[in-house]
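J.: Take a look at this one; I'll ask things after.
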Amino acid sequence: MAAATDGLRSPAGPLIGRSVPRLDGFHKATGRFAYGTDVVVAGMLHGRVARSPYPHARIRAIDTSAALATPGVVAVVTGRDLPERRFGALVKDETVLAVDVVRYVGQPVAAVAALAVEAAIEAAARIAVEYDPLPAVDTPEAALRAGAPLVHEAWTTYVAHPQLIRAGNVCGAATIAKGDPSRGLADADHVFEDVFTTEPVHQAYLEPRVAIAAWEPPGVLTVHSNTQLPFEAQTVLADLLGIPPGRVRVITTGIGGAFGGKLRVGVEHIAAVLAQRVGRPVRIVLTMAEEFAAAYPRHAMRITLRTGVRRDGTIVAKEAHALLDAGAFGGSSPGLPSVATLVLAGPYRIPHLSIEATSVYTHKQNFGSYRAPTGPQCAFAVESQMDMIARRLRLDPLEFRLRNIVRDGDEGPSGQVFGKVSLEAALRKAAAAIGWGHRRQPHHGKGLACSWWTTTGGPSAVYARLHADGTATLATGCAEIGTGALTAVAQIFADDLGLPVENVTLISADTLATPYDHGAQGSRSTFAVGNAARAAAADIRRQVLGLAAEVLEARVSDLGLRDGRVYVRGTPSRQVELGDVVRLAMQRHGGLVSSGTFVAPATPYKTDCVSGHFYPAFHAPSFHAHAAEVVVDPETGTVRALRYVVAQDVGKAINPRLIEGQIEGGVVQGLGQALRERIAYQGAYPLVHNFSDYALPRCGDVPQITSILIEEPSDSGPHGARGVGEPPIITPPAAIANAVHDAVGARVTDLPLSPERVLRAMRGRLEGAA
Amino acid sequence: MIPAAFEYHAPASLADAVKLLGQHGDEAKILSGGQSLIPLMKLRLATPRHVVDINGIAGLDYLKEEDGVLRIGALVREADLEDSEFIRARYPLLHDTSRVVADPLVRNLATVCGNLAHADPANDHPAAMLALGAEVVATGPRGERRIAITSFFTGPFATALRGDEVLTEVRVPVPLPRSGGAYLKLERKVGDFATAAVAVQVALDPAGTCVHAGVGLTNAGTVPIKARRAEGFLRGKPLDDATVRRAGELAAEEADPVDDVRGSAAYKRDLVRVLTARALRLAAGRAGAGR
Ligand SMILES: Cc1cc2nc3c(=O)[nH]c(=O)nc-3n(C[C@H](O)[C@H](O)[C@H](O)COP(=O)(O)OP(=O)(O)OC[C@H]3O[C@@H](n4cnc5c(N)ncnc54)[C@H](O)[C@@H]3O)c2cc1C
């Protein structure tokens, strides 16, 4: 039967759904795993970056003589020494080093290469820059004011994506419009308007960004870095250096945490220009202070929601306005308003929508793509308001949600049509697990929140090869960023070929040795690379079974693959080792190799609903509900999370333990943003420089977390899987804010819910009542 | 994250350490637990040319009660206090304090004396020692001198120690009968420096009247603060609810906090009020339990 040879449709075998240990786990747990900072290249020099102390200033002069005179220094470069080429994902607005103007505290101004790190540090400190400070804009509101300084005076001359909406300090905007929102609001029995704000939070990866750039014969630039997107780095480097991408080999090293912070080019370009100048390999490892000053943390957002509701609790219309603080350059920011609009609409049936999100340049570091970018901010606003409305209407927040959530076959905000929607199950399971509606002690409270998210599309391709010893190699352009996604991919591949998972070796993320992959981002790795691996497995399987049929004198349709052998169904004693089939293939035609490709099918949507959009629909969407129990100290405002429950539709749990790891990690990060984390600023000056200033939660701050996996298969994921990596971080701030309100009756609409803010809200409530 | 170049000295005796300090003056720094000094050097906020490591000096790690004082030697670590049943039972304030300094990794190395010598207004032991009425011993070229803790902290990160002196001992008077103490700290995350914290030590007479009160405040000003008005108010009163609340208010008035990433001045002042009252209740309970 055909299904047996069609890998993409062959049924799941014993490896699917099993919590096999992650392939890199042993080495990571025992300290043997090589991370980016462990990589050294013979003869390398050490680079160091001199950075701007001002948020906005004109560079009057740079004197590099003292730096150059430092013993051990080989070269110093400034922006003026480089050809003026700009890079950026949707708008090319950034140069490798600042030219004439600095636009944020921490912007690279010059770079040094030296024989030793110590000399590089010394020399970088001796670069003398004369600045004329200029007025800075520190918030989107300030940047949008008439007469505000333009962060990029020459913005009209920049190369940008033709669909990108830009205007002065606006570097991206997207809308969703549907129905007739003003009529919808006019017809509603109640209209609720609320404003929410969030502050920037950092991915807080423990390994700083690192790159080693070397020019190798015959003129190939080889860069080792802990990037999530080697192919993006390849394109950017080729562009900046004026060489063909085929001459740029970016190899992703082990990655010590990324969470979206290592998507965009970080330090590769600076290492590359230094290496080019000195003709030797150059390594740059950033410090944590640099990571806090000049990375891609999560955007601060300001969100206004106007929601119209009928007396019976049916939502009829919603208007949303959101501003993202992009920082001084585009980076990920121009494309993210699109994503924000979908989260702001929420997983609800709302006939009339008018949603608008805008990214605005300010004189701060370039905020970027932290795990589920814009998700937590938007869900915090939407789900806090859902609770607020429910309470104002004296409805149970769970009931109010159930009355309005999207269901099977419904239309999404931009007109995409959903298949099965598991949100009711998620809400009910999370509520049951937290004991929703049960009596509670004083100052204890429970909160619910739900959301939805995408499985990012984009192409994936793999090469596969079976070896004569019965093992296999799978080469993917996707990096393993620590989620274990590539273990799941190995599982999927091994399952289709009846191999033990340990027999699969993965080669990953090398722009000249592995095929193109859209990369480790957007909850897509298991989904997309898994599908490509299934295609490659199907091809190899077809070849293996064809040859084995000859050897075993059986029909292909009677053959099965198990434990590294091909056997005849019904007569398992008639079997041949996979290795023998490989040897036969070598004699016949040179070996057993294959490739597989995949690109997620486009999700149809209504084009007239959206404008300025780069992400008009959520592919293979996942739905999730979170529930939290907290206790609040009524005198200090301190919130302690006691229990936390996540019910998430994962489509198919390829490896349940890995998914639980994603859920627990995401929740911890989400709780950090909910309660304590923020990169504080004074004006445009950051006040956080290290992990002492930054309040990342620690073990003792984290409650028990329960993961409930719902498996409603997606149409296009391997075995029905959906993206799982990002969703867990989206909902905690809202769930916690709702639980705090339940505990003490105080509503905090600004993140984080610091003790001080909670206390102020409690007192405000008391004063209001008095 | 690499310190500037420095010369490393590991004297085997206190006399040698003092001599090295004398030779190098302002350019020398003592290294004990290294949990403040090394990070500062890595960040290049401190760039001593000479580092004098006192960890190799024998006989500085004693922790003992003698002649009416608890003597804490220069190389006693936070973990030594934390792990000591004797300290837990007899000096609950010290035990509370050492348990909330940083995390176990730091506490295994950080010293109590270093915590005082560093004189960070956010360090936890200064307030505790102010509440306990401790004394420190400074050893220099002319031998030892004792400094009352109340005159030890002279400014942010500044103490009454001279450049050629080693802080060799902290002396804590043994508690009076029916004594109790407590340290309460509010932190943004486990192991963080205090947003604000309060140390109290009280002694009661048999009738339950407060005969001695010490109140110290952490991160409530640019230096550790001894809340004298609160202390004076408490003496001679039973530690009932109205009294501890009023003491909290007085301590809050004595606090002089500044805005920082951990909280606004107003919030910290309010925390001092709340934590003082709570710490007094806890300390009074402990004093009562020891009756
Ligand atoms: C991650 C982290 C978190 C921390 N959190 C806290 C916290 O929550 N609360 C808290 O109180 N502290 C905290 N600390 C600081 C820690 O407790 C310090 O180690 C302590 O303050 C200093 O003690 P030390 O023995 O490590 O001193 P060192 O770092 O060795 O020295 C500190 C300073 O004191 C001087 N000095 C040290 N010993 C002597 C001596 N015997 N005589 C004279 N001068 C001396 C040194 O020259 C130096 O200037 C933290 C540290 C870290 C790394």
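J.: Answer yes if at least one residue in the stretch A:98-114 is crowded, with 23+ Cβ neighbours inside 10 Å and part of a helix (DSSP H, G or I), and no otherwise.
T.: Taking every residue of the stretch A:98-114 in turn, none turns out to be crowded, with 23+ Cβ neighbours inside 10 Å and part of a helix (DSSP H, G or I).
J.: What number goes with the only condition from (1) assigned to a loop (DSSP other than H, G, I, E, B); (2) within 19 Å of the chain's Cα centre (by Cα) that A:G637 does not pass?
T.: Condition (2) is where A:G637 drops out.
J.: From the residues in the stretch B:81-101 that are of a type in the set (D, E) and in a helix (DSSP H, G or I), which one is farthest from the ligand (Cβ to nearest atom)?
T.: The initial filter retains those residues of the stretch B:81-101 that are of a type in the set (D, E), namely B:82-83, B:85, B:96.
Remaining after also requiring in a helix (DSSP H, G or I): B:82, B:85, B:96.
Working: B:E82: 12, B:E85: 22, B:D96: 12 Å.
Ranking the qualifying residues of the stretch B:81-101, first place goes to B:E85.
J.: A further question on this structure: Could you list all residues from the stretch B:61-77 that are buried (at least 16 other Cβ atoms within 10 Å of the Cβ), among the charged types (D, E, K, R) and in contact with a Gly (Cβ under 8 Å, 6 or more places away or on another chain)?
T.: Result: B:R77, single match.
J.: Restricting attention to the stretch A:266-285, does a residue exist that is open to solvent by 10 Å² or more (accessible area, probe 1.4 Å), out of contact with any strand residue (DSSP E or B) (no Cβ under 8 Å at 6 or more places or on another chain) and not charged (D, E, K, R)?
T.: No, that holds for no residue.
J.: When only residues in the stretch B:44-58 that are in a loop (DSSP other than H, G, I, E, B) and buried (at least 17 other Cβ atoms within 10 Å of the Cβ) count, which is farthest from the ligand (Cβ to nearest atom)?
T.: Going through the stretch B:44-58, the residues in a loop (DSSP other than H, G, I, E, B) turn out to be B:44-49, B:54-58.
Within this subset, residues satisfying the condition of being buried (at least 17 other Cβ atoms within 10 Å of the Cβ) are B:46, B:48, B:54, B:57.
Numbers: B:A46: 7, B:P48: 8, B:I54: 6, B:I57: 10 Å.
So the residue we want is B:I57.
J.: Within the stretch A:433-445, can one find any residue that is open to solvent by less than 30 Å² (accessible area, probe 1.4 Å) and either at pLDDT below 95 or assigned to a helix (DSSP H, G or I) (or both)?
T.: yes
J.: While we're looking at this one, here's another question. From A:R763, A:R747, which residue is of a type in the set (D, E, K, R), within 14 Å of another protein chain (Cβ to nearest Cβ) and open to solvent by 30 Å² or more (accessible area, probe 1.4 Å)?
T.: On the way: A:R747 fails: within 14 Å of another protein chain (Cβ to nearest Cβ).
Step by step, each of A:R763, A:R747 is checked, and only A:R763 is of a type in the set (D, E, K, R), within 14 Å of another protein chain (Cβ to nearest Cβ) and open to solvent by 30 Å² or more (accessible area, probe 1.4 Å).
J.: Has the stretch A:584-595 got any residue that is more than 30 Å from A:A379 (Cα to Cα) and either among the hydroxyl-bearing types (S, T, Y) or within 14 Å of chain B (Cβ to nearest Cβ) (or both)?
T.: yes
J.: Here is a follow-up. Would you call A:G79 open to solvent by less than 30 Å² (accessible area, probe 1.4 Å) and within 19 Å of A:E480 (Cβ to Cβ)?
T.: No: the conditions fail for A:G79.
J.: Given the conditions (1) within 15 Å of the ligand (Cβ to nearest atom); (2) within 14 Å of chain A (Cβ to nearest Cβ); (3) over 19 Å from B:G163 (Cα atoms); (4) loosely packed, with under 15 Cβ neighbours inside 10 Å, and given that B:I2 satisfies all but one, which numbered condition is not satisfied?
T.: Against the list (1) within 15 Å of the ligand (Cβ to nearest atom); (2) within 14 Å of chain A (Cβ to nearest Cβ); (3) over 19 Å from B:G163 (Cα atoms); (4) loosely packed, with under 15 Cβ neighbours inside 10 Å, B:I2 comes up short only on (1).
J.: Can I ask one more? Can you tell me which of A:G246, A:G219, A:G254 is surrounded by fewer than 21 Cβ atoms within 10 Å (Cβ to Cβ), more than 29 Å from A:R32 (Cβ to Cβ) and either touching a Gly at 6+ places or on another chain (Cβ under 6 Å) or touching a residue at least 40 places away in the same chain (Cβ under 8 Å) (or both)? Spell out the reasoning first.
T.: Values: A:G219 fails: either touching a Gly at 6+ places or on another chain (Cβ under 6 Å) or touching a residue at least 40 places away in the same chain (Cβ under 8 Å) (or both); A:G254 fails: more than 29 Å from A:R32 (Cβ to Cβ).
Matching residue, one of A:G246, A:G219, A:G254: A:G246.
J.: Identify the single condition in (1) within 14 Å of another protein chain (Cβ to nearest Cβ); (2) open to solvent by 40 Å² or more (accessible area, probe 1.4 Å); (3) β-branched (V, I, T) that A:I121 does not satisfy, given that it satisfies every other one.
T.: (2)
J.: Of all residues being within 22 Å of A:G484 (Cα to Cα) and open to solvent by 10 Å² or more (accessible area, probe 1.4 Å) in the stretch A:662-698, which is nearest to the other protein chains (Cβ to nearest Cβ)? Just the residue, please.
T.: In this case the residue turns out to be A:V668.
J.: Right, something else. Within the stretch B:152-210, which strands (runs of 3 or more DSSP E) (wholly inside it) include 1 or more residues that are among the small types (G, A, S), more than 14 Å from the ligand (Cβ to nearest atom) and open to solvent by 20 Å² or more (accessible area, probe 1.4 Å)?
T.: Details: elements: B:153-155, B:166-173, B:179-186, B:196-204.
Answer list for the stretch B:152-210: B:179-186.
J.: Still on this model: Being in contact with a helix residue (DSSP H, G or I) (Cβ under 9 Å, 6 or more places away or on another chain), without any contact (Cβ under 8 Å) to a residue 60 or more places away in the chain and open to solvent by 40 Å² or more (accessible area, probe 1.4 Å) narrows it down to one residue among B:R107, B:R88; which is it? Outline the logic, then answer.
T.: Numbers: B:R107 fails: open to solvent by 40 Å² or more (accessible area, probe 1.4 Å).
When all the criteria are applied, what remains is B:R88.
J.: Filter the stretch B:124-144 for residues that are open to solvent by 10 Å² or more (accessible area, probe 1.4 Å) and either near the ligand (Cβ under 7 Å from one of its atoms) or hydroxyl-bearing (S, T, Y) (or both) and give the result.
T.: Within the stretch B:124-144, B:T139 is the sole residue that qualifies.
J.: Considering only residues that are touching a helix residue (DSSP H, G or I) at 6+ places or on another chain (Cβ under 9 Å) and either among the charged types (D, E, K, R) or not in a helix (DSSP H, G or I) (or both), look in the stretch A:662-679 and name the one that is farthest from B:R188 (Cα to Cα). Let's see the steps before the verdict.
T.: Residues of the stretch A:662-679 touching a helix residue (DSSP H, G or I) at 6+ places or on another chain (Cβ under 9 Å): A:662-677, A:679.
Of the ones still in play, those that are also either among the charged types (D, E, K, R) or not in a helix (DSSP H, G or I) (or both) are A:664, A:676-677, A:679.
Numbers: A:E664: 21, A:R676: 6, A:E677: 9, A:I679: 14 Å.
Looking at the filtered set, the residue picked out is A:E664.
J.: Given the structure, is B:A242 open to solvent by less than 30 Å² (accessible area, probe 1.4 Å), away from the ligand (no atom under 16 Å from the Cβ) and without any contact (Cβ under 8 Å) to a residue 60 or more places away in the chain?
T.: On the way: open to solvent by less than 30 Å² (accessible area, probe 1.4 Å): no; away from the ligand (no atom under 16 Å from the Cβ): yes; without any contact (Cβ under 8 Å) to a residue 60 or more places away in the chain: yes.
No; evaluated as a whole, the condition is false for this residue.
J.: Within 30 Å of B:R281 (Cβ to Cβ), outside any helix (DSSP H, G or I) and not assigned by TED's automatic domain parsing to the domain that holds B:A255 - does that describe any residue in the stretch B:138-146? Give the derivation first.
T.: Step one: list which residues in the stretch B:138-146 are within 30 Å of B:R281 (Cβ to Cβ), which gives none.
No.
J.: Suppose we filter A:R465, A:R534, A:R524 for residues that are basic (K, R) and open to solvent by 10 Å² or more (accessible area, probe 1.4 Å); which single one remains? Quick ask: steps written out before the conclusion?
T.: On the way: A:R534 fails: open to solvent by 10 Å² or more (accessible area, probe 1.4 Å); A:R524 fails: open to solvent by 10 Å² or more (accessible area, probe 1.4 Å).
Result: A:R465 is the single residue among A:R465, A:R534, A:R524 that is basic (K, R) and open to solvent by 10 Å² or more (accessible area, probe 1.4 Å).
J.: Another question, if that's okay. Being more than 8 Å from the ligand (Cβ to nearest atom) and buried (at least 17 other Cβ atoms within 10 Å of the Cβ) is the filter here, so list the residues in the stretch B:24-41 that pass it.
T.: Those that are more than 8 Å from the ligand (Cβ to nearest atom) and buried (at least 17 other Cβ atoms within 10 Å of the Cβ): B:H24, B:A28, B:M41.
J.: Related question: For the stretch A:191-215, give me each residue that is assigned to a strand (DSSP E or B) and either among the basic types (K, R) or touching a helix residue (DSSP H, G or I) at 6+ places or on another chain (Cβ under 7 Å) (or both).
T.: A:V191, A:F192, A:D194, A:F196, A:V201, A:V210, A:A211, A:I212, A:A213, A:A214, A:W215
J.: Regarding B:R71, is this residue away from the ligand (no atom under 11 Å from the Cβ) and assigned by TED's automatic domain parsing to the domain that holds B:E135? Outline the logic, then answer.
T.: Values: away from the ligand (no atom under 11 Å from the Cβ): yes; assigned by TED's automatic domain parsing to the domain that holds B:E135: yes.
It is true that B:R71 is away from the ligand (no atom under 11 Å from the Cβ) and assigned by TED's automatic domain parsing to the domain that holds B:E135.
J.: Which residue, of A:V645, A:V639, A:V630, is touching a residue at least 40 places away in the same chain (Cβ under 8 Å) and within 14 Å of another protein chain (Cβ to nearest Cβ)?
T.: A:V639
J.: Could you please give the count of residues in the stretch B:247-264 that are closer than 27 Å to A:Q682 by Cβ and within 11 Å of chain A (Cβ to nearest Cβ)?
T.: 6
The values are calculated or read from the model by the stated rules, or taken from the named source; none is laboratory data. Predicted model only: the values in this text are computed from it and were never measured. Glycine gets a Cβ as well: all are built from the backbone with ideal geometry, and neighbour counts include every protein chain shown. Ligands, DNA and RNA are excluded from the accessible area calculation, which covers all protein heavy atoms including side chains. Shrake-Rupley method; radii C 1.70, N 1.55, O 1.52, S 1.80 Å.
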